[in-house]
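Engineer: Once you've had a glance at the structure underneath, I'll fire off some questions.
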Ligand SMILES: Cc1cc2nc3c(=O)[nH]c(=O)nc-3n(C[C@H](O)[C@H](O)[C@H](O)COP(=O)(O)OP(=O)(O)OC[C@H]3O[C@@H](n4cnc5c(N)ncnc54)[C@H](O)[C@@H]3O)c2cc1C
C-alpha cells in the first residue's frame, strides 16, 4: 500500500486541486496536510483577520474531506521539518505541493527539497489561471505591462479543471493539532472556506459586473478575493466557468483575474518587489511617524471618500477596489509617504491580503511599479463624484456625515454648517499633487 502526502498551502479546496489530484493518482492512500508554520507568523503575515479566516478554511476543508474517506491533518512547526517528520512517520513515497511565487514560498520549497529529495513533487497551476512564466515577451522572463500580458494570457493554453476526488483514503491514527481558535480584528469578517466561497460564486450575477464594478455604493463586485487568496476557489476554474457563461460582465470579471495573474507573474520573476521599488523613481518619501499617517490609518483625513475606504477596511477587513486605489494614491502621492507604510497597514487588516496583489498594486499606485503613467495622482474629489455620485458610500461609512444629502457630502468644508466631529482636510484640496510634483521634479 503506497502513501502520498498532499501538503496544502494556498490551495485549501477539494475542487480543481492539482496537488490533491496528483497525490491521489500517485498512491493508494493520501494524507492531506496543512502545517501551522511559526515562520509565517514571524513574517507578520498571519494577522488576526487572515488567521481567523484561515481557521475557517481548515475546518471547512476537513469537513469536506471526511465524507470522501479522508481528513485534514494539521501539524505545527517549520513546514519542511514538520512535513519531513510526517513523511518519515508514515513512510510516505511522495509529497506533493503547489508552486508558490513569493520568496517565502521559494525558500520553503528549497527546504522541502533538502529534506525530501526526489520524493518532493511541485505542481504548477494551482495558484493562478495561467502559470507564472508560461507567457513571456520575447527575450524577457515576465511581462512588465498589463495590456500585452492580457493579450497573451487570453490566448494561453489552459490545463484541465479537475473534479473533486470521489473518494480518498487517509489512514486512521495520525496525530493532528486542533484547528486554532483566532479572534479577528475586524468585526464584520466574511466566513472562510471552500463551501462559503462556492456559495458566493454560485450566487454571484456576473452579468451585472460590467455595469456595477466601479459603483462604490452598489458594492457590486464579487468579493471573492479572500477565497482566491487562500485557494478556497481555483482561479483556473473560475476563469473557465466565466468564459463559458460569456457576456460583457464575464469578460470584465475574467480581466480582473488576469490582473491577479499579472501581479503573480511579476512577483514570481522579481520576489524582491514585495519589499523594494520595482522601478526606482528616486523617491525620498516624507517620514512616517506623524499625525498625517495616523489620520490616514484612522480614516480621519477630512477627505470623505478616503476616510470611508479606510473605515470599511477596519470594519470588514476588505475594501472596494476603487476605494483601495483612492486611499493608496492619497497616502503615496498626495501625502507623499512610502508605499510600504500603506501596504503594511493594508496587510494588517485585509482578509484577502496577498503579497503579490497587495505589494504590486501599492507599487502600481505609487508609480514605482508597472503603471505606465507613474506620476498620475487620483483626485479623491473627482473620484468621489464619479464613483459615488450620490454620496451613499460615504454616508454608509462616515457617520459624522450621514445627515449630509447628495454629493455635497464629498466636500464638507463647503457646507454652511461644518459637521461636528469631522476633521478639516489634511491638505489643501487644490494642492493634491504638489508634494509629488515637487519631489519628482515635475514642475
Ligand atoms: C492598493 C491596493 C491593494 C490591494 N491589495 C490586494 C490584496 O492584498 N489582495 C487582493 O486579492 N487584491 C488586492 N487588491 C486588488 C483588488 O482591489 C481586490 O482584488 C478586489 O478589490 C477584491 O474584490 P473582489 O473580490 O470583489 O474583486 P472583483 O472585482 O470581483 O474581481 C475578481 C477577482 O479578481 C482579482 N482582482 C480584481 N482586481 C484586481 C487587481 N487590481 N489586482 C489583482 N487582482 C485583482 C481578485 O482576485 C478578485 O477577487 C489591491 C488593490 C489596490 C489598489
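Engineer: Condition (residue is in contact with a helix residue (DSSP H, G or I) (Cβ under 8 Å, 6 or more places away or on another chain), over 23 Å from residue 347 (Cα atoms) and within 11 Å of the ligand (Cβ to nearest atom)) applied to the range 182-197: is it met by at least one residue?
Structural biologist: The first filter runs over the range 182-197 and keeps only residues in contact with a helix residue (DSSP H, G or I) (Cβ under 8 Å, 6 or more places away or on another chain), leaving 182-197.
Checking which are over 23 Å from residue 347 (Cα atoms) leaves us with 195.
Now narrow it down to the ones that are within 11 Å of the ligand (Cβ to nearest atom): none.
No, that holds for no residue.
Engineer: Can I ask one more? Can you tell me how many residues within the range 347-371 are touching a helix residue (DSSP H, G or I) at 6+ places or on another chain (Cβ under 6 Å), part of a loop (DSSP other than H, G, I, E, B) and within 7 Å of the ligand (Cβ to nearest atom)?
Structural biologist: Counting residues in the range 347-371 that are touching a helix residue (DSSP H, G or I) at 6+ places or on another chain (Cβ under 6 Å), part of a loop (DSSP other than H, G, I, E, B) and within 7 Å of the ligand (Cβ to nearest atom) gives 3.
Engineer: Counting residues that are over 30 Å from residue 62 (Cα atoms), which helices (runs of 4 or more DSSP H) fully inside the range 128-213 reach at least 3?
Structural biologist: Numbers: elements: 146-155, 194-203, 209-212.
Correct list: 146-155, 209-212.
Engineer: Also, quick follow-up: Please identify the pairs in which a residue from the range 250-265 that is over 15 Å from residue 201 (Cα atoms) and more than 8 Å from the ligand (Cβ to nearest atom) has its Cβ atom under 7 Å from the Cβ atom of a residue that is modelled with pLDDT under 95 and in a helix (DSSP H, G or I), counting only partners at least 6 apart or on another chain.
Structural biologist: Every condition considered, the pairs that remain are 252/210.
Engineer: While we're on this one: Within the range 380-435, which residues are under 15 Å from residue 301 (Cα atoms), without any contact (Cβ under 8 Å) to a residue 24 or more places away in the chain and either within 31 Å of the chain's Cα centre (by Cα) or buried (at least 18 other Cβ atoms within 10 Å of the Cβ) (or both)?
Structural biologist: 399, 400, 419
Engineer: On to the next question. Out of 386, 395, 435, I need the residue that is in contact with a strand residue (DSSP E or B) (Cβ under 9 Å, 6 or more places away or on another chain) and in a helix (DSSP H, G or I). Which one?
Structural biologist: On the way: 386 fails: in contact with a strand residue (DSSP E or B) (Cβ under 9 Å, 6 or more places away or on another chain); 395 fails: in contact with a strand residue (DSSP E or B) (Cβ under 9 Å, 6 or more places away or on another chain).
Result: 435 is the single residue among 386, 395, 435 that is in contact with a strand residue (DSSP E or B) (Cβ under 9 Å, 6 or more places away or on another chain) and in a helix (DSSP H, G or I).
Engineer: Which condition breaks for residue 57 when tested against (1) over 27 Å from residue 130 (Cβ atoms); (2) out of contact with any strand residue (DSSP E or B) (no Cβ under 7 Å at 6 or more places or on another chain)?
Structural biologist: (1)
Engineer: Say whether the condition of being closer than 28 Å to residue 420 by Cα, out of contact with any strand residue (DSSP E or B) (no Cβ under 6 Å at 6 or more places or on another chain), within 15 Å of the ligand (Cβ to nearest atom) and assigned to a loop (DSSP other than H, G, I, E, B) is met by at least one residue in the range 333-346.
Structural biologist: yes
Engineer: Okay, moving on. For residues that are in contact (Cβ under 8 Å) with a residue 40 or more places away in the chain and either crowded, with 24+ Cβ neighbours inside 10 Å or in a helix (DSSP H, G or I) (or both), tally how many sit in the range 33-50. It would help to see each step written out before you state the result.
Structural biologist: Initial filter on the range 33-50 (in contact (Cβ under 8 Å) with a residue 40 or more places away in the chain): 33-40, 43-45, 47-50.
Okay, now just the ones that are also either crowded, with 24+ Cβ neighbours inside 10 Å or in a helix (DSSP H, G or I) (or both), so 33-35, 38-40, 48-50.
Selection size over the range 33-50: 9.
Engineer: Looking at the range 223-240, which of its residues are part of a loop (DSSP other than H, G, I, E, B) and near the ligand (Cβ under 10 Å from one of its atoms)? Even if it seems obvious, please write down each step before you answer.
Structural biologist: Taking the range 223-240 and keeping what is part of a loop (DSSP other than H, G, I, E, B), we get 223-224, 230-234.
Listed by number, the residues that qualify are 223, 224, 233.
Engineer: Consider residue 220 carefully, then state whether it is in a loop (DSSP other than H, G, I, E, B), without any contact (Cβ under 8 Å) to a residue 24 or more places away in the chain and either under 28 Å from residue 152 (Cβ atoms) or within 12 Å of the ligand (Cβ to nearest atom) (or both). Walk me through how you get there before you give the answer.
Structural biologist: Details: in a loop (DSSP other than H, G, I, E, B): yes; without any contact (Cβ under 8 Å) to a residue 24 or more places away in the chain: yes; either under 28 Å from residue 152 (Cβ atoms) or within 12 Å of the ligand (Cβ to nearest atom) (or both): yes.
Taking the combined requirement at face value, the residue satisfies it.
The values are calculated or read from the model by the stated rules, or taken from the named source; none is laboratory data. Bear in mind the structure is a predicted one, so any value in this text is a computation, not a measurement. When we count neighbours, we look across all protein chains shown, and the Cβ atoms used for this are built from the backbone with ideal geometry, even at glycine.
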